[in-house]
Amino acid sequence: MRCPECSFEDSKVIDSRPTDGKIRRRRECLSCKCRFTTYEIVENIPLMVVKKDNSLEPFDSQKIIERVLRAAAKRPVSLAEIENMVFEIESEFKNTLQREVPSDKIGEAVLRKLRELDSVAYIRFASVYRDFSDTDSFIRIISEMDEDNK
C-alpha cells in the first residue's frame, strides 16, 4: 500500500477490524511513520453458466439443489448434505478463477458428488441429465457402478 504522504510502497498494519461489509485497516508507513486508514472490500464476481445454446445465465445454486432434491426423493439424504455438496461444487468452479463455466461441466460435477452421496439418487439424476432413452442406458450405468464398487 502506497503511503499518501511520501509515496513509499511499504507499510505495516497496526489495527484491523470489520466494518459494514468491509475491513478497516490502520496502517503505518515504514519510511515516514505516517498513519493512514484503508478499507478492503471483497470483490464478488458472479459465476456465469454457459448453456448448450451458448447463452449465459448466472449460476443458481438453488436450481441445482431443487434438481438434486427431486433425484434424492425418499432417499436417506438430508437437505444439509445436498446444500453442502452444491456449495462445494460452486466453490470448486469459483476457485478455478474461470467466470464462465459450461453447464455440462456443472452437471458432471453434480454426478461425481452425487455418486459418492447416494447411488439411487445418482442413477435418477443421471437418467434425466444424460437423457436416458431406453432400459439399456440404465443397465449400463448400474453395471458401471457395480464394477467400480468391486
Output yes when any residue across the stretch 130-139 is of a type outside the set (D, E, K, R) and not in a helix (DSSP H, G or I), and no when none is. yes
Would it be correct to say that Lys94 is closer than 30 Å to Met145 by Cβ, of a type in the set (Lys, Arg) and touching a residue at least 12 places away in the same chain (Cβ under 8 Å)? yes
Using the structure shown, decide if Asp146 is modelled with pLDDT under 80 and over 17 Å from Lys63 (Cα atoms). yes
Test: Ser119 is at pLDDT below 90, among the hydroxyl-bearing types (Ser, Thr, Tyr) and either under 19 Å from the mean Cα position of the chain (by Cα) or exposed (fewer than 11 other Cβ atoms within 10 Å of the Cβ) (or both): no
Every residue from the stretch 71-85 that is assigned to a helix (DSSP H, G or I) and either loosely packed, with under 12 Cβ neighbours inside 10 Å or in contact (Cβ under 8 Å) with a residue 12 or more places away in the chain (or both): Ala71, Leu79, Ala80, Glu81, Ile82, Glu83, Met85
Failed condition for Gly107, given (1) out of contact with any Phe, Trp or Tyr (no Cβ under 7 Å at 6 or more places or on another chain); (2) assigned to a helix (DSSP H, G or I); (3) surrounded by 17 or more Cβ atoms within 10 Å (Cβ to Cβ): (1)
Those residues that are surrounded by fewer than 12 Cβ atoms within 10 Å (Cβ to Cβ) and either within 25 Å of Glu100 (Cα to Cα) or out of contact with any strand residue (DSSP E or B) (no Cβ under 8 Å at 6 or more places or on another chain) (or both), I need them from the stretch 33-50; list them, please. Lys33, Ile41, Val42, Glu43, Asn44, Ile45, Pro46
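The values are calculated or read from the model by the stated rules, or taken from the named source; none is laboratory data. Everything quoted here is computed from the prediction, not taken from an experiment. All Cβ positions, even for glycine, are placed from backbone atoms using ideal geometry, and neighbour counts span all protein chains on display.
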